[in-house]
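All remarks here apply to the structure that follows.
Each value in this text was obtained by applying a stated rule to the coordinates, not by laboratory testing. Because the structure is a prediction, the values reported are computed rather than measured. Reconstructed Cβ throughout: ideal geometry from the backbone, glycine too, with neighbour counts over all protein chains shown.
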Amino acid sequence: MRFAILSACLAALAITAPAAAQMGMPKPLPAEALVDQAEPDKAAWLTRNIVAEGSIAGGIAFRFPASFYRSKLILLGESHGFAAPQVVDLELLTHLNQRIGLTDYVAEVDPVQADLLNRYLVTGDDALLTRVFDFWTKSGAQWGNRAFEAKVRGIRALNQRLPEKRRIRLLGIDAIQDWALVAEWAANGDAEAAKRLAAAPKDDRARTLRAAIADRTGTVAGQLRATLDDAVAGKGRETIIFDSYARAVGGDLLGNRPAYGLWGMYHVMQAGINKTRPFAARVVASDLPAAKATTSVALLALDSAVQIPAPMPTGLRRLRMTNFNMDGPYVMVKGAATLRAASRPSTVRIFDLGAKGTPFTGSAFSEVATSVGQSFVPDATGADAPRMAQYLGVFTNSDWAAPREPQ
């Protein structure tokens, strides 16, 4: 599952979009699945335990408890395609930089994409930014949007105001996304070699690229070799992400420093979902320093628009849709009515789900019904269920993350 939230649901819609294009939009959930009554006492408790609040356009005030700032790993979870989470991400990153000197952003990108983005942060060379974003734009990934691009530009602007030792840098710990970019990087400026490497058969490309960089030196080369080794071994994406993070903690790349990043919702959940283990769940079950010091913040949408990339007979079309929020008609998060009662228009609010006297179990807001893919159920529910996320945010009236045109 991609935690009670739209992340998996929207991903599922994108996957099934060719069929949707031929048959029309999916059917809404049955009326009985959309029944959800607000619980006023619980909504009131939420409004008494707000730890961040502000406009969806920015200006968020953070007042997390002291324990939040002792975290070794802080993960913000979103459903890709909404604009507001990108604003929250930049403001929370800025806050953590100011409050605890955090500089390490663990990003949902691969090592080579991170290398180009870091070089952009230093040089301001738009060609580097364009090369990374054009892949997402052309491939149909929701990452190909203007809000994300504006955030990266915002990180560069922040860095320019900071002393060198306080500047943000990205750690790319994801599995390989852009294989052609990795081939270009491995070829080291040799265009013909890049073409040959990019043409390697899909089932052999990891091994081919691993051999091509066997003698390359430097931090990025070391990261990339390890990531490709995992791919050659047939490891899944969550395992690769966890392995990459563990290596960064065990070496000089991250060490004992705290890290923060924005990820798709599924990755930040701290317990099993549909009998699978997300990245954060793997961290809290490990022997890493962050095992007992990982904090997850989940963001849910109300009355907002989202970008959905949909393959059509005429090509990829990015749709602006307003009916994929957490309270129907295609997705329903159990407890959504209570969250609505605790929300405000055009506002981001983050609640401390584990504050004193909490009426919420660890699996609260993690049960989802959907008509566009697999419904999602936490592996454990009830009073003894491990907490999926320590904090839950709701944003309202966000626009979509508008698509970025290829350059």
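Using the 10 angstrom Cβ neighbour count as an exposure proxy, how do SER375, SER244, SER139, SER398 rank, fewest first?
Values: SER375 17, SER244 24, SER139 13, SER398 27.
In order of increasing Cβ crowding within 10 Å: SER139, SER375, SER244, SER398.
Candidate cross-link partners of LYS42 among the lysines, defined by an alpha-carbon separation under 19 Å and a same-chain spacing of 8 or more, comprise LYS334, LYS356.
May I ask what percent, to the nearest 5, of DSSP beta bridges between residues of the chain are antiparallel?
Taking every DSSP beta bridge with both residues in the chain, the antiparallel ones total about 55 percent.
Amide hydrogen proximity for LEU171: with H placed 1.01 Å from N in the peptide plane, the residues at 5 or more positions away or on another chain lying under 5 Å are TYR105, VAL106, ALA107. Taking a ≥ b ≥ c as the square roots of the eigenvalues of the Cα gyration tensor, segment 245-347 is classed as prolate, since a/c reaches at least 1.5 and a/b is larger than b/c. Short-range pairs are left out: with C-alpha atoms under 8 Å and at least six residues apart, the relative contact order of segment 290-360 is 20 percent. Close amide-amide hydrogen proximity is noted between GLY328 and VAL333, each under 5 Å apart and 5 or more residues distant or on a separate chain (H modeled in the peptide plane; Pro and chain starts excluded).
Going from the fewest other Cβ atoms within 10 Å to the most, the residues LYS356, LYS138 appear in the order LYS356, LYS138.
For GLU238, GLU192, what ranking results if the residue with the fewest other Cβ atoms within 10 Å of its Cβ goes first? Ordered from fewest to most neighbouring Cβ atoms within 10 Å, GLU238, GLU192 come out as GLU192, GLU238. Summary value for the chain: 31 percent relative contact order, contacts being C-alpha pairs under 8 angstrom separated by 6+ residues.
Taking other residues whose beta carbon is less than 10 angstrom from the beta carbon of SER244, and scoring Lys, Arg as +1 and Asp, Glu as -1, yields -3. Using θ = phi - 60° in the Karplus curve 6.51 cos²θ - 1.76 cosθ + 1.60, the 3J(HN,Hα) couplings for segment 327-339 round to 10, x, x, 9, 9, 9, 8, 5, x, 4, 5, 5, 5 Hz; x is entered for Gly and Pro.
Dividing the mean sequence gap of close Cα pairs (under 8 Å, 6+ apart) by how many residues segment 295-407 holds gives a relative contact order of 38 percent.
Dividing the summed helix terms, -39500 (n - 2.57) for each DSSP H run of n ≥ 4, by the number of residues in the chain produces a 222 nm estimate of -11000 deg cm²/dmol to the nearest 500. Near ILE273, the amide H atoms lying under 5 Å from its own belong to ASP379; only residues 5 or more places off or on other chains count, and H is placed 1.01 Å from N.
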